[in-house]
Every structure is written in structure tokens, then in C-alpha cells.
């Protein structure tokens with residue numbers, strides 16, 4: 001970049017995506033590097049129904065310097081140790097996807113290999129008994145992980161539940177306090193540079209023309225810049241992820257105050273339950289080809305913990321992604337880049353990945369093709385991994401109700417997921433990515449939870465005598481059983497920490 005010439009960055013659209021990008025840019029860049037401006041219209045509603053996150057969210061908050069307590073108080077936030085899945089593999093099934101490991105390695109072999117070795121020898125341990133996060137979730141307890149890596153209560157992580165609209169407002173205050181310029185206005189025209197094909201400026205309804213060197217499209221599903229203007233192709237994945245609509249409604253808090261998200265499979269999709277301090281968030285994600293809108297809304301309202309606090313709000317979407325989230329001098333973030341439904345709470349993570357990779361590959365006045373290529377490669381990898389993980393939940397089922405589940409069980413799946421399933425069934429090998437989503441413990445929890453059982457295990461597990469392995473399994477399970485009751489309840493911890 002030319003010396004002493006800051007890059008003029010224009011973010012088009014607000015909501016969670018726009019304000020996460022804005023806050024990261026004004027926090028990670030100095031004034032001599034970039035001037036950041038966000039244009040949004042109060043007349044354009046944001047989706048804003050997502051209320052659950054994953055542990056990577058804490059990395060984002062640390063990077064931009066957000067105080068956790070302040071953020072949780074401002075957003076009525078609570079803590080999340082994982083996701084409980086009800087009726088997914090079959091009606092009556094129940095498993096957790098925890099934010100943490102199952103046990104500790106024994107004899108140089110991964111814990112799940114030793115667990116499977118014991119299972120095949122006739123010792124039927126429940127692998128969830130070896131997850132500290134699951135044990136705490138079952139007891140509705142929470143506290144911060146122990147910083148001592150040798151301690152049993154250091155083997156988990158956590159994320160948040162919060163009101164996404166309040167989080168966007170919170171970030172706006174942070175970003176504006178750090179120099180971001182916000183402009184209220186609706187975009188009515190986009191002008192391209194005749195020579196390069198880049199976006200040169202946007203025109204607002206007021207007549208103001210906003211020029212920029214680089215634009216970030218946070219305009220949601222419509223993709224005003226990336227799609228409507230630059231025609232970046234959209235890759236449709238609805239043949240793998242057929243749910244295309246959701247009803248969302250808040251209800252009064254009632255029942256258990258859980259430190260986890262609950263996902264309950266229904267005949268034509270699934271229902272979420274997310275506990276906040278002041279209410280509970282609920283939604284029904286469904287396939288419109290398998291149930292009518294009215295029927296889906298009725299199912300949701302009939303399965304709330306407490307009284308509905310509003311009328312259900314509908315969101316329509318299509319699973320898939322842009323084939324090039326960075327095209328010309330425009331980067332798409334959030335829904336304008338792609339959407340893979342809220343099953344594993346990855347939407348906010350994908351916004352985070354986009355802006356953090358933009359900072360790593362920060363362009364100059366002239367965008368270098370190598371930067372664009374590397375950015376799109378990184379983003380594509382993340383989308384592909386999340387896609388496979390979500391498809392696994394639908395595909396590995398034995399439900400006998402509803403044509404949706406039969407369709408998902410019998411559908412052809414991506415080769416990348418088929419290979420993962422074959423490796424796990426053969427010898428218990430699960431993906432072990434160094435970076436990005438999802439880590440090996442996540443794959444193990446969902447594979448086993450959905451009923452995918454390995455026939456064998458890593459031969460290194462035999463290096464430890466079976467009797468020694470069984471004794472260590474008993475010791476690890478007992479350590480968790482002893483420690484969890486000493487934790488405060490989720491409600492007590494919030495009252496003390498961030499009410």
C-alpha cells in the first residue's frame with residue numbers, strides 16, 4: 001500500500017456481520033492504514049435470530065478487546081458448554097456435542113481408541129461419562145475452566161448465548177468509540193469502474209455518493225454488491241441441506257436454566273432452544289417441501305417451555321455459498337457470503353473467519369490476485385468442513401417418521417464426508433484439523449451420537465495392557481464425578497458474574 005495513504009473501506013450493511021467486521025477493522029488497523037465507514041439503513045431489517053455461538057467467539061472478543069462481563073450484561077448473555085441433540089439418530093436418542101474432549105489419552109493412543117478397545121472387549125462404558133463439559137451440562141452447572149492443564153476441570157471450553165440484535169448494538173458503540181464513521185442511508189445505485197470492473201462508489205437515497213477503495217458486502221441474503229452487482233456465482237447445497245425456512249419466537253424463561261443449546265429433531269426439521277437471562281430463544285428450522293409454513297409454526301408454538309412473548313417470525317434461506325466471497329474489490333461477510341443453517345451455531349464464526357482473513361491478507365489500493373485467491377481458498381475450506389459436519393447430522397439417522405429423514409439417509413453425500421465415515425467405521429479415525437472447524441472431539445461426539453460405531457481401533461492402543469486401560473477409565477470417570485458437584489449452578493454463576 002502506498003505510504004501515508006490510508007485505504008478507504010466502506011462496509012455496506014449493519015447487523016451482526018457489519019458490526020463485527022467494522023469492530024475488527026478499527027481495532028486491528030491504525031488510522032494511517034485504513035479509514036473505515038459503515039453505511040446502513042434503519043429501514044432495512046436484519047435477520048438477527050442467531051443467539052448461540054461456539055468457543056472461537058471468545059478469540060474474536062479478545063482480539064477486539066471486548067470485556068466479557070460487559071458484553072454478557074449488555075446482551076443478556078449466558079454460557080454454553082455445548083449442544084444437546086434429542087431424537088436425531090432415532091426417536092428417543094440423546095447425545096451431547098460438548099466443547100471439550102472425551103477423556104485423556106492412555107498409553108499414547110487417543111482416548112476414544114482406548115474406549116472403543118474396551119467396548120469391543122465387552123466393557124460398555126458410556127463415552128459421555130468422560131466429558132467434563134457433558135457432566136456439567138447434565139447437572140446445569142458452570143464455572144470457568146481451570147487454567148492448570150493437568151486438572152480434570154481444564155478439559156473443556158465454553159461459548160455464549162446472547163441476543164444477537166443487542167450484540168450488534170454493543171459492537172456499534174465499541175466501533176464508533178474507536179473512530180468508525182457510520183452513515184445512515186439506503187443504497188439506491190452502485191457504480192463500477194469502467195476499466196477494472198471494481199466497485200467505485202455507492203449512491204444513497206439522499207443523493208450522497210460514497211466512494212471507496214475496498215467494499216465489504218454485509219447486505220444479507222440479497223448480496224447487493226457481491227451478487228447483484230458483481231454476479232459472483234452462488235453454489236446451491238440444498239440437495240444436501242434441504243431445510244430452507246425457520247420460524248423464530250422468544251418465550252418466557254421456564255424449566256431448566258441450561259448451560260447448553262438444545263436441538264430437538266422434528267418430523268420435517270429441528271427445533272432450537274437457547275436460554276438467555278431474560279427469556280428463552282426458540283426456533284423451528286424446517287424443509288418447506290415436507291411441511292407447510294402454518295404447520296411448522298404450530299409445531300413450534302406447541303413445544304415451548306413458557307408463554308410466547310411475540311408472534312413467530314419467519315426467515316427464508318438457501319443453503320450454500322458464494323464460489324468467490326472476495327471478488328474484485330468486494331469481500332462478502334455473513335449471509336451475503338453464504339449460509340449453512342444454524343444447526344451448529346457457525347454463522348457468527350464464518351463472519352469472524354472472513355474478517356480475520358481479510359486482516360491477514362489486507363489489500364492495498366490495487367488488489368493483488370494472489371491475496372484474493374488465498375482468501376477464497378481459506379473461506380472455501382471452512383465452508384466445506386462445516387457443510388460436511390452438518391450433513392452428517394442429517395445423513396446418519398435411522399428415524400422412521402417423515403420423508404425428510406429417509407431422503408437425507410438415502411441421498412448421495414459429498415466424497416469428502418463419505419471418506420470420513422468410512423475411516424471412522426473402519427478404525428475409529430476422525431478428522432483432526434490443525435486449524436478451523438471442527439476438531440476431532442466434535443466429530444467423535446456426533447459420529448457416535450448419531451450411531452456410527454467403529455469396528456476397530458488404532459493398533460497403538462494395544463501398547464497398554466487392557467487391565468491398565470480399564471483402571472484408567474474408571475479413574476478418569478471418577479475424577480469427573482467427584483469434581484462436578486462442587487461447581488456452582490449456571491444460574492448462580494451468572495448472578496455472581498454477569499447478571
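The values are calculated or read from the model by the stated rules, or taken from the named source; none is laboratory data. Since the structure is predicted, the reported quantities are computational estimates derived from the model, not experimental observations. Cβ sites come from the backbone with ideal geometry, for glycine too, and all protein chains shown count toward neighbours.
Considering 221, 215, which residue is under 20 Å from residue 347 (Cα atoms) and in contact (Cβ under 8 Å) with a residue 12 or more places away in the chain? Spell out the reasoning first.
Numbers: 215 fails: under 20 Å from residue 347 (Cα atoms).
It is 221.
Let's see how each residue does on (1) crowded, with 19+ Cβ neighbours inside 10 Å; (2) outside any loop (DSSP other than H, G, I, E, B); (3) at pLDDT 95 or above; (4) on the phi < 0 side of the Ramachandran plot:
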position	(1), (2), (3), (4)
432	no, no, no, yes
470	no, yes, yes, yes
477	no, yes, yes, yes
480	yes, yes, yes, yes
495	no, yes, yes, yes
499	no, no, no, yes
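Got a sec? Which strands (runs of 3 or more DSSP E) wholly within region 8-102 have at least 1 residues that are at positive phi and either in the same structural domain as residue 257 (by TED's automatic domain parsing) or under 18 Å from the mean Cα position of the chain (by Cα) (or both)? I'd like the intermediate steps shown before the answer.
Working: elements: 34-40, 78-80, 82-86, 94-98.
Answer list for region 8-102: 82-86.
Yes or no: region 338-354 includes at least one residue that is under 22 Å from residue 229 (Cβ atoms) and outside any helix (DSSP H, G or I). Show your work before the answer.
Going residue by residue through region 338-354, those that are under 22 Å from residue 229 (Cβ atoms) are 338-339, 350-351, 354.
Next, from what is left, pick out any that are outside any helix (DSSP H, G or I): 338-339.
Within region 338-354, one or more residues are under 22 Å from residue 229 (Cβ atoms) and outside any helix (DSSP H, G or I).
Looking only at region 287-318, which residues are within 19 Å of residue 275 (Cβ to Cβ) and assigned to a loop (DSSP other than H, G, I, E, B)?
Scanning region 287-318 gives 303, 304, 305, 306, 307, 309, 310, 312.
Out of (1) touching a helix residue (DSSP H, G or I) at 6+ places or on another chain (Cβ under 9 Å); (2) surrounded by fewer than 23 Cβ atoms within 10 Å (Cβ to Cβ); (3) over 30 Å from residue 489 (Cα atoms), what's the single condition that is false for residue 243?
(2)
Out of curiosity, is residue 241 more than 13 Å from residue 199 (Cβ to Cβ) and not in a strand (DSSP E or B)? Lay out the reasoning, then the answer.
On the way: more than 13 Å from residue 199 (Cβ to Cβ): yes; not in a strand (DSSP E or B): yes.
So residue 241 passes the test.
Would you mention how many residues in region 156-195 are more than 25 Å from residue 273 (Cα to Cα), in a loop (DSSP other than H, G, I, E, B) and either in contact (Cβ under 8 Å) with a residue 24 or more places away in the chain or assigned by TED's automatic domain parsing to the domain that holds residue 472 (or both)? Quick ask: steps written out before the conclusion?
First, pick out the residues of region 156-195 that are more than 25 Å from residue 273 (Cα to Cα): 172-195.
Still in the list and also in a loop (DSSP other than H, G, I, E, B): 178-180, 185-186, 193-195.
Still in the running and either in contact (Cβ under 8 Å) with a residue 24 or more places away in the chain or assigned by TED's automatic domain parsing to the domain that holds residue 472 (or both): 178-180, 185-186.
Final tally of qualifying residues: 5.
Step by step: first the residues of region 18-52, then only those that are within 30 Å of residue 97 (Cβ to Cβ) and at pLDDT below 95, then the one that is surrounded by the most Cβ atoms within 10 Å (Cβ to Cβ). Which residue is that? Can you show your working first?
To start, the set of residues in region 18-52 that are within 30 Å of residue 97 (Cβ to Cβ) comprises 18-21, 23-24, 46-52.
Subset that is at pLDDT below 95: 46-52.
Details: 46: 20, 47: 21, 48: 17, 49: 21, 50: 23, 51: 33, 52: 27.
This residue is 51.
Kindly list the number of the only condition in (1) in contact with a helix residue (DSSP H, G or I) (Cβ under 8 Å, 6 or more places away or on another chain); (2) loosely packed, with under 15 Cβ neighbours inside 10 Å; (3) touching a residue at least 60 places away in the same chain (Cβ under 8 Å) that fails for residue 485.
(1)
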